[in-house]
Amino acid sequence: MDELKFLSNYRSFFITSHLSPDGDAIGSEIALYFFLKAKGKQAVIVNDEPVPAGYRFLEGSEIIQPLADFKRRPRFRDSFEAAVFLECSSKYRAGQSGKIAEDVPILNIDHHIDNSLYGNVNLVSPGVSACGEIVHDVIIQSGGKITPEIASALYTAILTDTSAFRFNTNAQTLRITADLIDSGAEPNKIVEGVYEQVLFATLLLLGKVLSTIKQTPDGYVVYCKINRQMYQETGTSECDSESFIDYLRVVENNRVTFLLKELPDGKTRVNLRSKNAYDVQKVAAEFGGGGHRNAAGCTINTGLEESERLILAEIKKIL
């Protein structure tokens with residue numbers, strides 16, 4: 001397979017993933033890193049932003065470097081021969097980190113239906129639960145061993161991208177997670193690390209965000225907004241609000257939920273979720289974003305109020 005040759009042919013790798021990395025991004029990066037190191041390869045993991053607090057319990061999370069730190073290294077551009085982009089439907093989703101790897105061969109591993117196939121080698125499997133599933137298969141097909149730290153990272157990837165196995169979960173997903181448990185993943189420990197170590201400041205932020213909750217007259221759309229002042233008042237950052245949209249999905253009779261986040265440059269990041277056949281990927285695509293049918297995101301070049309109007313207009317088209 002082309003991806004196995006790619007990983008075999010090069011000696012050193014730059015690993016990155018998308019902006020505001022989630023559990024699938026972090027878990028997949030860590031698992032691939034340990035696999036490559038076991039094969040005698042050199043690897044670095046670099047993201048634009050630090051590891052969110054909810055994933056710092058994972059062994060290997062300390063290896064992940066924020067871009068600013070990595071760029072302080074002498075000759076940082078000469079420290080790798082190839083790059084692996086994980087869970088990035090397009091190169092721009094990796095932010096500034098992705099630009100560092102523009103002049104080297106790229107392996108693109110992803111599970112988004114709208115992936116632009118930008119890699120020199122593309123391993124894209126739409127429909128699987130998480131990028132972590134694909135990384136698992138690569139390791140197995142390469143004859144690698146699923147060590148306890150790899151198992152924990154991949155279990156975290158799948159757990160979080162299925163919202164604790166509530167969505168996009170099938171028999172194969174559960175078979176893989178069972179194998180990961182047999183290989184050393186500890187479900188109770190991982191659930192506690194991801195979901196039960198929330199900072200008090202994050203709950204303060206959640207309270208402010210939920211105070212903005214709105215619902216369309218028919219009850220089909222539920223949404224909230226986060227402005228920069230909320231982050232400042234609670235001493236939090238955007239990564240602390242990554243899971244907030246899940247609180248909106250439980251509202252009775254809703255079909256689509258979204259969360260608007262004001263960015264430092266005045267633009268707005270939008271997280272979208274939906275139920276059943278309502279395709280929010282189409283909504284995100286209107287603004288240059290993407291994702292899955294029931295989970296997508298985008299960035300709009302306007303402030304919160306105008307972005308709210310634009311998103312509601314596009315959602316109306318899919319209802």
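The values are calculated or read from the model by the stated rules, or taken from the named source; none is laboratory data. All figures in this text were calculated on a predicted structure; none of them were measured in a lab. Reconstructed Cβ throughout: ideal geometry from the backbone, glycine too, with neighbour counts over all protein chains shown.
Mind checking which residues of the stretch 77-112 are among the aromatic types (F, W, Y) and either within 23 Å of S20 (Cβ to Cβ) or under 15 Å from the mean Cα position of the chain (by Cα) (or both)? Before the answer, list the steps.
Step one: of the stretch 77-112, the residues among the aromatic types (F, W, Y) are 80, 85, 92.
Of everything in the stretch 77-112, those that are among the aromatic types (F, W, Y) and either within 23 Å of S20 (Cβ to Cβ) or under 15 Å from the mean Cα position of the chain (by Cα) (or both) turn out to be F85, Y92.
Hey, any hits in the stretch 35-53 for a residue that's in contact with a Gly (Cβ under 7 Å, 6 or more places away or on another chain) and surrounded by 24 or more Cβ atoms within 10 Å (Cβ to Cβ)? No, the conditions are met nowhere in the stretch 35-53. Is there any pair with a first residue in the stretch 90-110 that is in contact (Cβ under 8 Å) with a residue 60 or more places away in the chain and a second that is of a type in the set (D, E, K, R) and in a helix (DSSP H, G or I) whose Cβ atoms are under 8 Å apart and which are 6 or more apart or on different chains, and what are they? Correct list of pairs: G98/K91; I100/R77; L107/E3; I109/E3.
One residue is enough: does the stretch 133-151 have a residue meeting the conditions farther than 23 Å from I64 by Cβ and either charged (D, E, K, R) or touching a Ser or Thr at 6+ places or on another chain (Cβ under 7 Å) (or both)? The answer is no; no qualifying residue exists. On inspection, A101 passes the criterion of being modelled with pLDDT under 95 and either under 28 Å from R73 (Cβ atoms) or touching a His at 6+ places or on another chain (Cβ under 7 Å) (or both).
Applying the criterion of being in contact with a Gly (Cβ under 9 Å, 6 or more places away or on another chain) and of a type outside the set (A, V, I, L, M) to the residues of the stretch 241-254, the residue that is modelled with the lowest pLDDT is E242.
Filter the stretch 255-278 for residues that are in a loop (DSSP other than H, G, I, E, B) and either among the small types (G, A, S) or touching a Gly at 6+ places or on another chain (Cβ under 7 Å) (or both) and give the result.
The answer is G266, A277.
Scan the helices (runs of 4 or more DSSP H) fully inside the stretch 1-118 and keep the ones with 2 or more residues being hydrophobic (A, V, I, L, M, F, W, C) and either within 26 Å of A164 (Cα to Cα) or assigned by TED's automatic domain parsing to the domain that holds I140 (or both).
Output list reads 2-9, 23-38, 67-70.
When we screen V138, V191 for residues that are of a type in the set (V, I, T), in a helix (DSSP H, G or I) and surrounded by fewer than 15 Cβ atoms within 10 Å (Cβ to Cβ), the only hit is V191.
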